[in-house]
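K.L.:
Structure provided below as C-alpha coordinates; questions to follow.
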Amino acid sequence: MIYLDNAATTYPKPQSVRRALANASMTAANPGRSGHRMSFAASEQIYRCRVKAAELFGAGSPENVCFTLNCTYAANAVIKGMLSSGDHVVISDMEHNAVVRPLHALSKQGVSYTVVTTSEDDEKTLSAFRDALRTNTKLVICTHVSNVWGIKLPVERIAAMCSQYGIPIMIDAAQSAGVFKINAQESGFDFVCMPGHKGLYGPMGTGLLIARRPELLSTTIEGGTGSASLSPEQPDFPPDKFESGTPNYPGIIGLSSGLDFVKSTTPARILAHEAQLTSMLYDRLAKNSRVTLYTPRPEKGRSGGVLSFNVGSYNSEKVAAYLNEKHGIAVRAGLHCAPLAHKHFGTLETGAVRVSPSYFTTQNEILSLARAIDRM
Ligand code: PMP
(Lines give C-alpha, C1' and ligand atoms only; values in the text may rest on other atoms or scores of the structure.)
Protein backbone atom coordinates (compact mmCIF):
# COMPACT_ATOMS: atom_id res chain seq x y z
CA MET A 1 0.00 0.00 0.00
CA ILE A 2 1.13 3.55 -0.72
CA TYR A 3 0.27 5.31 2.51
CA LEU A 4 -0.54 9.00 2.07
CA ASP A 5 -2.72 9.50 5.16
CA ASN A 6 -0.10 10.69 7.61
CA ALA A 7 -2.25 13.57 8.82
CA ALA A 8 -4.43 10.90 10.45
CA THR A 9 -1.47 9.08 11.96
CA THR A 10 2.03 8.57 10.64
CA TYR A 11 2.90 5.23 9.08
CA PRO A 12 5.36 3.65 9.11
CA LYS A 13 6.80 4.58 12.47
CA PRO A 14 10.60 4.70 12.62
CA GLN A 15 12.25 1.35 13.45
CA SER A 16 13.51 2.81 16.73
CA VAL A 17 9.96 3.66 17.79
CA ARG A 18 8.70 0.18 16.95
CA ARG A 19 11.51 -1.39 18.96
CA ALA A 20 11.00 0.91 21.94
CA LEU A 21 7.27 0.25 21.98
CA ALA A 22 7.72 -3.52 21.80
CA ASN A 23 10.35 -3.55 24.56
CA ALA A 24 8.35 -1.28 26.84
CA SER A 25 5.24 -3.37 26.61
CA MET A 26 7.18 -6.43 27.81
CA THR A 27 9.33 -5.04 30.56
CA ALA A 28 7.71 -2.36 32.67
CA ALA A 29 6.14 -2.03 36.09
CA ASN A 30 3.60 0.67 36.95
CA PRO A 31 5.48 4.00 37.13
CA GLY A 32 5.16 6.33 40.10
CA ARG A 33 3.08 3.94 42.13
CA SER A 34 5.42 1.66 44.04
CA GLY A 35 8.73 1.89 45.88
CA HIS A 36 10.52 -0.86 44.00
CA ARG A 37 13.26 -0.67 41.40
CA MET A 38 11.08 -1.55 38.42
CA SER A 39 8.58 1.18 39.23
CA PHE A 40 11.35 3.75 39.76
CA ALA A 41 12.91 2.80 36.43
CA ALA A 42 9.60 3.26 34.62
CA SER A 43 9.08 6.68 36.29
CA GLU A 44 12.55 7.72 35.22
CA GLN A 45 11.83 6.80 31.59
CA ILE A 46 8.61 8.78 31.62
CA TYR A 47 10.37 11.76 33.11
CA ARG A 48 12.96 11.61 30.34
CA CYS A 49 10.20 11.86 27.77
CA ARG A 50 8.80 14.89 29.60
CA VAL A 51 12.21 16.55 29.55
CA LYS A 52 12.61 15.95 25.81
CA ALA A 53 9.16 17.34 25.02
CA ALA A 54 9.73 20.35 27.31
CA GLU A 55 12.94 21.14 25.45
CA LEU A 56 11.47 20.66 21.99
CA PHE A 57 8.37 22.76 22.66
CA GLY A 58 9.63 25.37 25.11
CA ALA A 59 7.30 24.22 27.86
CA GLY A 60 9.24 26.09 30.55
CA SER A 61 9.60 23.00 32.72
CA PRO A 62 9.15 19.25 32.28
CA GLU A 63 6.27 19.39 34.77
CA ASN A 64 4.28 21.49 32.27
CA VAL A 65 4.29 18.52 29.89
CA CYS A 66 1.21 16.38 30.55
CA PHE A 67 0.56 13.09 28.82
CA THR A 68 -2.84 12.54 27.27
CA LEU A 69 -4.44 9.93 25.04
CA ASN A 70 -4.37 12.11 21.93
CA CYS A 71 -4.80 15.72 20.85
CA THR A 72 -8.56 15.64 21.49
CA TYR A 73 -8.12 14.82 25.18
CA ALA A 74 -5.61 17.64 25.53
CA ALA A 75 -8.01 20.12 23.89
CA ASN A 76 -10.87 18.97 26.14
CA ALA A 77 -8.68 19.37 29.22
CA VAL A 78 -8.15 23.03 28.35
CA ILE A 79 -11.62 23.88 27.06
CA LYS A 80 -13.58 22.13 29.79
CA GLY A 81 -11.02 22.90 32.48
CA MET A 82 -11.18 26.60 31.85
CA LEU A 83 -14.61 27.72 30.69
CA SER A 84 -17.87 28.24 32.47
CA SER A 85 -21.21 29.90 31.88
CA GLY A 86 -20.90 33.48 30.62
CA ASP A 87 -17.45 32.95 29.07
CA HIS A 88 -16.74 33.72 25.43
CA VAL A 89 -14.17 32.07 23.18
CA VAL A 90 -12.72 33.08 19.80
CA ILE A 91 -11.71 30.33 17.39
CA SER A 92 -10.57 30.19 13.77
CA ASP A 93 -12.63 28.75 10.93
CA MET A 94 -9.98 26.06 10.44
CA GLU A 95 -10.69 24.32 13.76
CA HIS A 96 -11.14 20.59 14.04
CA ASN A 97 -14.07 19.01 15.85
CA ALA A 98 -11.64 18.33 18.72
CA VAL A 99 -12.19 22.02 19.46
CA VAL A 100 -15.63 22.69 18.01
CA ARG A 101 -17.48 19.83 19.65
CA PRO A 102 -16.39 20.49 23.25
CA LEU A 103 -17.27 24.16 22.68
CA HIS A 104 -20.63 23.20 21.24
CA ALA A 105 -21.26 20.97 24.27
CA LEU A 106 -20.39 23.88 26.57
CA SER A 107 -22.60 26.27 24.59
CA LYS A 108 -25.53 24.40 26.12
CA GLN A 109 -24.22 25.56 29.49
CA GLY A 110 -23.87 29.23 28.60
CA VAL A 111 -20.43 29.39 26.96
CA SER A 112 -20.46 31.28 23.64
CA TYR A 113 -17.94 31.32 20.83
CA THR A 114 -17.18 33.33 17.71
CA VAL A 115 -15.71 31.75 14.59
CA VAL A 116 -13.23 34.04 12.85
CA THR A 117 -12.85 33.89 9.06
CA THR A 118 -9.19 33.40 8.26
CA SER A 119 -7.51 34.83 5.19
CA GLU A 120 -4.44 34.28 3.05
CA ASP A 121 -3.45 37.70 4.27
CA ASP A 122 -2.11 37.29 7.82
CA GLU A 123 -2.85 40.92 8.56
CA LYS A 124 -6.54 40.33 7.85
CA THR A 125 -6.60 37.16 9.94
CA LEU A 126 -5.04 39.02 12.82
CA SER A 127 -7.51 41.88 12.72
CA ALA A 128 -10.42 39.44 12.40
CA PHE A 129 -9.26 37.83 15.66
CA ARG A 130 -8.87 41.24 17.27
CA ASP A 131 -12.34 42.35 16.16
CA ALA A 132 -13.92 39.21 17.61
CA LEU A 133 -12.62 39.80 21.14
CA ARG A 134 -15.18 40.80 23.75
CA THR A 135 -14.92 41.89 27.34
CA ASN A 136 -15.90 38.37 28.43
CA THR A 137 -13.48 36.58 26.05
CA LYS A 138 -11.77 34.06 28.27
CA LEU A 139 -9.81 32.09 25.70
CA VAL A 140 -8.60 32.23 22.09
CA ILE A 141 -8.06 28.96 20.22
CA CYS A 142 -6.24 28.66 16.93
CA THR A 143 -5.05 25.70 14.97
CA HIS A 144 -1.46 26.05 13.82
CA VAL A 145 -1.83 24.21 10.51
CA SER A 146 -5.15 23.26 8.93
CA ASN A 147 -5.59 19.51 8.79
CA VAL A 148 -7.55 19.92 5.54
CA TRP A 149 -5.73 22.62 3.59
CA GLY A 150 -2.27 22.60 5.10
CA ILE A 151 -2.53 26.37 5.60
CA LYS A 152 -0.39 27.70 8.43
CA LEU A 153 -2.04 30.37 10.53
CA PRO A 154 -0.09 33.24 12.12
CA VAL A 155 -0.34 31.83 15.63
CA GLU A 156 2.70 33.70 16.96
CA ARG A 157 1.16 37.05 16.00
CA ILE A 158 -2.24 36.05 17.34
CA ALA A 159 -0.58 35.03 20.62
CA ALA A 160 1.24 38.37 20.83
CA MET A 161 -2.08 40.15 20.34
CA CYS A 162 -3.74 37.98 23.01
CA SER A 163 -0.99 38.78 25.43
CA GLN A 164 -1.59 42.54 24.91
CA TYR A 165 -5.22 41.99 25.93
CA GLY A 166 -4.35 39.55 28.73
CA ILE A 167 -6.31 36.69 27.12
CA PRO A 168 -4.90 33.15 27.24
CA ILE A 169 -4.39 31.28 24.00
CA MET A 170 -4.52 27.58 23.18
CA ILE A 171 -2.83 26.28 20.03
CA ASP A 172 -3.95 23.10 18.30
CA ALA A 173 -0.65 21.78 17.01
CA ALA A 174 -2.05 18.49 15.70
CA GLN A 175 -0.55 19.01 12.26
CA SER A 176 2.44 21.13 13.15
CA ALA A 177 4.15 19.40 16.09
CA GLY A 178 7.36 17.87 14.82
CA VAL A 179 7.14 19.80 11.56
CA PHE A 180 7.15 23.49 12.49
CA LYS A 181 9.10 25.13 15.25
CA ILE A 182 6.96 25.47 18.35
CA ASN A 183 8.31 27.25 21.40
CA ALA A 184 5.47 27.89 23.82
CA GLN A 185 7.56 30.10 26.07
CA GLU A 186 9.01 32.30 23.34
CA SER A 187 5.71 32.61 21.49
CA GLY A 188 3.53 33.11 24.56
CA PHE A 189 1.35 30.06 23.93
CA ASP A 190 -0.41 29.29 27.22
CA PHE A 191 -1.55 25.86 26.14
CA VAL A 192 -0.42 23.69 23.24
CA CYS A 193 -2.30 20.50 22.38
CA MET A 194 -0.77 17.86 20.17
CA PRO A 195 -1.00 14.19 19.29
CA GLY A 196 2.03 11.98 19.85
CA HIS A 197 1.06 9.73 16.95
CA LYS A 198 1.36 12.08 13.99
CA GLY A 199 4.37 14.34 13.39
CA LEU A 200 6.09 13.10 16.54
CA TYR A 201 6.08 9.57 15.13
CA GLY A 202 4.92 8.01 18.40
CA PRO A 203 2.25 5.31 18.77
CA MET A 204 -1.49 5.91 18.67
CA GLY A 205 -2.94 6.48 22.12
CA THR A 206 -0.44 9.23 22.92
CA GLY A 207 -0.78 12.99 23.08
CA LEU A 208 0.65 15.97 24.92
CA LEU A 209 -0.74 18.99 26.65
CA ILE A 210 1.85 21.68 27.19
CA ALA A 211 0.29 23.67 30.02
CA ARG A 212 2.32 26.77 30.78
CA ARG A 213 -0.47 28.14 32.94
CA PRO A 214 -1.87 25.06 34.67
CA GLU A 215 -3.34 27.24 37.41
CA LEU A 216 -5.98 28.46 34.92
CA LEU A 217 -7.44 24.99 34.50
CA SER A 218 -9.61 22.93 36.78
CA THR A 219 -9.42 19.21 36.42
CA THR A 220 -11.77 17.16 34.28
CA ILE A 221 -10.57 13.79 35.58
CA GLU A 222 -9.46 13.04 39.11
CA GLY A 223 -7.94 9.94 40.63
CA GLY A 224 -4.80 8.24 41.82
CA THR A 225 -1.52 9.94 40.97
CA GLY A 226 0.86 8.18 43.34
CA SER A 227 1.37 11.56 45.09
CA ALA A 228 -0.25 13.22 48.15
CA SER A 229 -2.43 10.12 48.52
CA LEU A 230 -3.73 11.01 51.98
CA SER A 231 -5.72 13.92 50.58
CA PRO A 232 -8.99 13.42 48.72
CA GLU A 233 -8.13 16.58 46.75
CA GLN A 234 -6.54 16.16 43.36
CA PRO A 235 -2.96 17.53 43.52
CA ASP A 236 -2.95 21.08 42.17
CA PHE A 237 0.51 20.85 40.62
CA PRO A 238 1.23 19.62 37.10
CA PRO A 239 1.61 17.08 35.71
CA ASP A 240 -0.21 15.16 38.50
CA LYS A 241 -3.11 17.59 38.31
CA PHE A 242 -3.88 16.31 34.81
CA GLU A 243 -2.60 12.74 34.91
CA SER A 244 -4.73 10.37 36.94
CA GLY A 245 -4.54 6.61 36.74
CA THR A 246 -1.99 4.34 35.14
CA PRO A 247 -0.37 5.99 32.12
CA ASN A 248 0.11 4.48 28.67
CA TYR A 249 3.68 3.53 29.51
CA PRO A 250 4.55 1.67 26.29
CA GLY A 251 3.01 4.49 24.27
CA ILE A 252 4.99 7.13 26.14
CA ILE A 253 8.23 5.21 25.65
CA GLY A 254 7.43 4.90 21.94
CA LEU A 255 6.71 8.63 21.89
CA SER A 256 10.00 9.31 23.63
CA SER A 257 11.75 7.50 20.84
CA GLY A 258 9.66 9.43 18.29
CA LEU A 259 10.86 12.66 19.88
CA ASP A 260 14.45 11.46 19.48
CA PHE A 261 13.73 10.76 15.82
CA VAL A 262 12.25 14.22 15.26
CA LYS A 263 15.06 15.90 17.16
CA SER A 264 17.82 14.15 15.25
CA THR A 265 16.11 14.48 11.85
CA THR A 266 15.06 18.05 12.77
CA PRO A 267 11.61 19.52 12.11
CA ALA A 268 13.18 21.77 9.45
CA ARG A 269 14.29 18.78 7.35
CA ILE A 270 10.99 17.00 7.86
CA LEU A 271 9.11 20.11 6.73
CA ALA A 272 11.42 20.62 3.74
CA HIS A 273 10.82 17.05 2.61
CA GLU A 274 7.05 17.19 3.01
CA ALA A 275 6.82 20.65 1.41
CA GLN A 276 8.80 19.47 -1.57
CA LEU A 277 6.37 16.57 -2.06
CA THR A 278 3.20 18.65 -1.69
CA SER A 279 4.56 21.34 -4.06
CA MET A 280 5.48 18.65 -6.57
CA LEU A 281 2.02 17.11 -6.30
CA TYR A 282 0.40 20.53 -6.63
CA ASP A 283 2.33 21.25 -9.85
CA ARG A 284 1.49 17.83 -11.24
CA LEU A 285 -2.23 18.06 -10.40
CA ALA A 286 -2.41 21.62 -11.75
CA LYS A 287 -1.72 20.14 -15.20
CA ASN A 288 -4.87 18.02 -14.98
CA SER A 289 -7.78 20.24 -16.01
CA ARG A 290 -10.27 18.05 -14.12
CA VAL A 291 -8.60 18.63 -10.78
CA THR A 292 -9.72 21.48 -8.54
CA LEU A 293 -7.05 22.84 -6.23
CA TYR A 294 -8.34 25.20 -3.58
CA THR A 295 -5.29 26.77 -2.04
CA PRO A 296 -2.32 28.63 -3.50
CA ARG A 297 0.74 26.48 -4.31
CA PRO A 298 2.23 25.23 -1.03
CA GLU A 299 4.95 27.62 -0.01
CA LYS A 300 7.78 26.79 2.33
CA GLY A 301 7.02 28.18 5.75
CA ARG A 302 3.37 28.94 4.96
CA SER A 303 1.94 25.44 4.66
CA GLY A 304 2.35 22.04 6.27
CA GLY A 305 2.48 18.67 4.55
CA VAL A 306 -1.19 18.44 3.65
CA LEU A 307 -2.85 19.02 0.26
CA SER A 308 -6.52 18.56 -0.60
CA PHE A 309 -8.28 18.63 -3.96
CA ASN A 310 -11.22 17.28 -5.93
CA VAL A 311 -11.51 15.57 -9.29
CA GLY A 312 -14.23 16.61 -11.74
CA SER A 313 -17.65 16.28 -10.19
CA TYR A 314 -16.74 13.13 -8.26
CA ASN A 315 -17.52 13.00 -4.59
CA SER A 316 -14.20 12.83 -2.75
CA GLU A 317 -15.14 9.50 -1.15
CA LYS A 318 -15.46 7.98 -4.62
CA VAL A 319 -11.97 9.15 -5.54
CA ALA A 320 -10.51 7.76 -2.32
CA ALA A 321 -12.28 4.43 -2.88
CA TYR A 322 -10.93 4.28 -6.47
CA LEU A 323 -7.38 5.00 -5.26
CA ASN A 324 -7.68 2.37 -2.54
CA GLU A 325 -9.25 -0.36 -4.61
CA LYS A 326 -7.56 0.09 -7.98
CA HIS A 327 -4.16 1.41 -6.98
CA GLY A 328 -3.60 0.48 -3.33
CA ILE A 329 -3.18 4.14 -2.39
CA ALA A 330 -4.38 5.31 1.03
CA VAL A 331 -5.69 8.87 1.26
CA ARG A 332 -8.48 10.39 3.30
CA ALA A 333 -11.62 11.89 1.81
CA GLY A 334 -14.75 13.50 3.28
CA LEU A 335 -14.72 16.28 5.82
CA HIS A 336 -11.69 15.30 7.93
CA CYS A 337 -13.62 16.17 11.13
CA ALA A 338 -13.28 19.83 10.17
CA PRO A 339 -16.55 21.05 8.64
CA LEU A 340 -15.67 24.71 9.29
CA ALA A 341 -12.56 24.39 7.14
CA HIS A 342 -14.62 22.84 4.34
CA LYS A 343 -17.26 25.56 4.62
CA HIS A 344 -14.47 28.10 4.07
CA PHE A 345 -13.66 26.66 0.64
CA GLY A 346 -17.20 25.57 -0.29
CA THR A 347 -16.49 21.83 -0.14
CA LEU A 348 -19.03 20.83 2.52
CA GLU A 349 -20.99 18.74 0.03
CA THR A 350 -18.21 16.98 -1.85
CA GLY A 351 -15.59 16.88 0.87
CA ALA A 352 -12.07 16.77 -0.54
CA VAL A 353 -9.34 14.23 -1.23
CA ARG A 354 -6.54 14.78 1.26
CA VAL A 355 -2.96 13.71 0.64
CA SER A 356 -0.55 13.93 3.54
CA PRO A 357 3.02 12.67 3.15
CA SER A 358 5.48 12.00 5.95
CA TYR A 359 9.24 12.03 6.15
CA PHE A 360 9.18 8.47 4.76
CA THR A 361 7.09 9.26 1.67
CA THR A 362 8.96 9.16 -1.63
CA GLN A 363 8.62 11.20 -4.83
CA ASN A 364 7.70 8.01 -6.67
CA GLU A 365 4.77 7.43 -4.38
CA ILE A 366 3.49 10.94 -5.05
CA LEU A 367 3.93 10.43 -8.80
CA SER A 368 2.00 7.14 -8.63
CA LEU A 369 -0.87 9.01 -7.03
CA ALA A 370 -0.79 11.74 -9.70
CA ARG A 371 -0.77 9.11 -12.48
CA ALA A 372 -3.70 7.29 -10.88
CA ILE A 373 -5.66 10.55 -10.78
CA ASP A 374 -4.85 11.16 -14.47
CA ARG A 375 -6.29 7.74 -15.30
CA MET A 376 -9.63 8.35 -13.59
N1 PMP B 1 -6.85 18.82 15.64
C2 PMP B 1 -6.46 18.67 14.37
C3 PMP B 1 -6.14 19.90 13.57
C4 PMP B 1 -6.32 17.40 13.83
O5 PMP B 1 -5.91 17.25 12.56
C6 PMP B 1 -6.63 16.27 14.61
C7 PMP B 1 -6.54 14.88 14.04
N8 PMP B 1 -7.14 14.71 12.81
C9 PMP B 1 -7.04 16.48 15.92
C10 PMP B 1 -7.14 17.76 16.41
C11 PMP B 1 -7.37 15.34 16.82
O12 PMP B 1 -6.23 14.58 17.05
P13 PMP B 1 -6.33 13.18 17.80
O14 PMP B 1 -6.87 12.23 16.80
O15 PMP B 1 -4.94 12.88 18.20
O16 PMP B 1 -7.23 13.37 18.94
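K.L.:
How big is the antiparallel share of DSSP beta bridges in segment 15-265, given as a percent to the nearest 5?
P.N.:
In segment 15-265, DSSP labels about 35 percent of beta bridges as antiparallel.
K.L.:
Amide H of residue 92: which non-local residues (sequence gap of 5 or more, or other chain) have their own amide H closer than 5 Å, using H built in the peptide plane?
P.N.:
116, 141, 143
K.L.:
Next question, about the same structure. Between residue 287 and residue 236, what is the label-point separation in nm under the 7 Å Cα-to-beta-carbon projection?
P.N.:
Output for this residue pair reads 6.4 nm.
K.L.:
Step through the residues of segment 282-293 one at a time and calculate ³J(HN,Hα) from phi using the Karplus curve (6.51 cos²θ - 1.76 cosθ + 1.60, θ = phi - 60°), rounding each to whole Hz and writing x for Gly and Pro.
P.N.:
After applying 6.51 cos²θ - 1.76 cosθ + 1.60, I find 4, 4, 5, 5, 4, 7, 9, 5, 8, 8, 9, 9 Hz.
K.L.:
Same structure again: When the accessible area of segment 31-136 is computed with all protein chains present and a 1.4 Å probe, what percentage of it is carbon and sulfur?
P.N.:
Of the solvent-accessible surface of segment 31-136, carbon and sulfur hold 51 percent.
K.L.:
Under a 10 Å cutoff between Cα atoms, tell me which one of 257, 289, 187 has the largest fluctuation in the Gaussian network model of the chain.
P.N.:
With Cα springs under 10 Å in the chain, the top fluctuation among 257, 289, 187 is at 289.
K.L.:
With only alpha-carbon pairs counted, each pair once and no self-pairs, how large is the Kirkwood hydrodynamic radius of segment 15-265 in angstroms?
P.N.:
On the way: mean 1/r = 0.0541 Å⁻¹.
Averaging 1/r across every pair of different Cα atoms and inverting gives 18.5 Å.
K.L.:
Over segment 201-290, with every protein chain in place, what whole percent of the accessible area is carbon and sulfur at 1.4 Å, could you tell me?
P.N.:
Whole-percent figure for carbon plus sulfur exposure: 55.
K.L.:
So what is the relative contact order of the chain, in percent, for Cα pairs below 8 Å that sit 6 or more residues apart?
P.N.:
Numbers: 771 pairs, mean separation 87.0, N = 376.
Contact order relative to length: 23 percent.
K.L.:
Could you grab the relative contact order for segment 173-315? Cα pairs under 8 Å, six or more apart, rounded to a whole percent.
P.N.:
Dividing the mean separation by the residue count of segment 173-315 yields 22 percent.
K.L.:
Let me make sure I get this right: for segment 1-126, a, b and c are the square roots of the gyration tensor eigenvalues over alpha carbons, sorted descending. Under 1.5 in a/c it's rounded, otherwise prolate if a/b > b/c, else oblate. Which is it?
P.N.:
Working: a/c = 2.38, a/b = 1.63, b/c = 1.46.
It is prolate, given that a/c is not under 1.5 and a/b is the larger ratio.
K.L.:
With +1 assigned to the C-beta of every Lys and Arg and -1 to the C-beta of every Asp and Glu, and no other charges, what is the dipole magnitude of the chain about the Cα centre in debye, to the nearest 20?
P.N.:
860 debye
K.L.:
Which of the GluC sites (Glu not before Pro) found in segment 33-138 are loop residues per DSSP with 15 or fewer other Cβ atoms within 10 Å of their Cβ?
P.N.:
On the way: sites: 44, 55, 63, 95, 120, 123; in loops: 95, 120.
Within segment 33-138, the qualifying GluC sites (Glu not before Pro) (loop, at most 15 other Cβ atoms within 10 Å) are 120.
K.L.:
Mind checking which lysines have their C-alpha under 30 Å from residue 318, skipping anything on the same chain fewer than 8 residues away?
P.N.:
Partners found: 13, 152, 198, 287, 326, 343.
K.L.:
On to the next question. List the trypsin sites (Lys or Arg not before Pro) within segment 200-288 that fall in a DSSP loop (any state other than H, G, I, E or B) and whose Cβ has at most 13 other Cβ atoms within 10 Å.
P.N.:
Qualifying residues, ordered by number: 287.
K.L.:
Moving on. With every protein chain present, what is the per residue accessible area of segment 168-235 (1.4 Å probe, Å²)? Please list the in-between numbers first.
P.N.:
Values: 2470 Å² over 68 residues.
On a per-residue basis, 36 Å².
K.L.:
Can I ask one more? Of 216, 298, 271, which is farthest towards the positive pole of segment 200-308's charge dipole, taken about the Cα centre with +1 and -1 on the beta-carbons of Lys, Arg and Asp, Glu respectively?
P.N.:
298
K.L.:
Once label points are set 7 Å from the Cα along Cα→Cβ at both residue 157 and residue 315, what is their separation, rounded to one decimal in nm?
P.N.:
If labels sit at residue 157 and residue 315, their model points lie 3.9 nm apart.
K.L.:
As a test of the formula, what do you get for the chain when each DSSP H run with n ≥ 4 contributes -39,500 (n - 2.57) and the sum is divided by the residue count, at 222 nm and rounded to the nearest 500 deg cm²/dmol?
P.N.:
Rounded to the nearest 500, the figure is -12500 deg cm²/dmol.
The values are calculated or read from the model by the stated rules, or taken from the named source; none is laboratory data. It should be emphasised that the depicted structure is a prediction, and the values quoted were computed from it without experimental measurement. Every residue, glycine as well, gets a Cβ built from its backbone with ideal geometry; the counts of neighbours run over all protein chains shown. With ligands, DNA and RNA removed, areas are computed over all heavy atoms of the protein, side chains included. Shrake-Rupley method; radii C 1.70, N 1.55, O 1.52, S 1.80 Å.
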